[in-house]
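To keep things clear, I will list the structure first and then write my remarks on it.
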Amino acid sequence: MTTFSAVHVVVAGSHGRLALAASRLLTARGGQVFGLTRSPEQADDVQAAGAHPILLDLATATVEQFAERLADADAVPCTTGTDLGASGQAGPIDRDGPHPRGRSATHGTALRSCSPP
């Protein structure tokens, strides 16, 4: 089994199934995992998966706020998914992506690179 003791990973969209599974796997292998989540209610689930929750709403965060949370990261998987919410419309992250290269027309959770606009 490969260990990741020196790896510092920040997972964007850390409350989804893929992100929680990746957090459990990486922490079990010795990685230091931090999970960006927009909701304080999700922090316990993120922590139970082994990640350190960081409250940050990617839809409203500034580039500076986003960059500050990524300062020491070796990797930033983006697992933000398609959450249509009560309005039935995709939110800014789901619709527009965190960066033009991250835009996707697919539904569901996709692993892609997150970078600030």
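The values are calculated or read from the model by the stated rules, or taken from the named source; none is laboratory data. Bear in mind that the values here come from a model prediction, so they are computed numbers and not experimental data. All Cβ positions, glycine included, derive from the backbone under ideal geometry; neighbour counts span all protein chains shown.
Could you check the stretch 7-51 and list, in sequence order, the residues that are over 12 Å from the mean Cα position of the chain (by Cα) and charged (D, E, K, R)?
Answer for the stretch 7-51, where residues must be over 12 Å from the mean Cα position of the chain (by Cα) and charged (D, E, K, R): 24, 29, 41, 44, 45.
Select from the stretch 1-54 the residues that are surrounded by 14 or more Cβ atoms within 10 Å (Cβ to Cβ), of a type in the set (A, V, I, L, M, F, W, C) and not in a helix (DSSP H, G or I) and list them in ascending order.
Correct list: 4, 7, 9, 10, 11, 12, 33, 34, 36, 49, 51, 54.
Specify which of the listed residues (90, 59, 49, 110) is in contact with a helix residue (DSSP H, G or I) (Cβ under 7 Å, 6 or more places away or on another chain), modelled with pLDDT under 90 and among the small types (Gly, Ala, Ser).
Matching residue, one of 90, 59, 49, 110: 59.
Could you check how many residues of the stretch 20-45 are out of contact with any Phe, Trp or Tyr (no Cβ under 8 Å at 6 or more places or on another chain) and under 15 Å from residue 75 (Cα atoms)?
9
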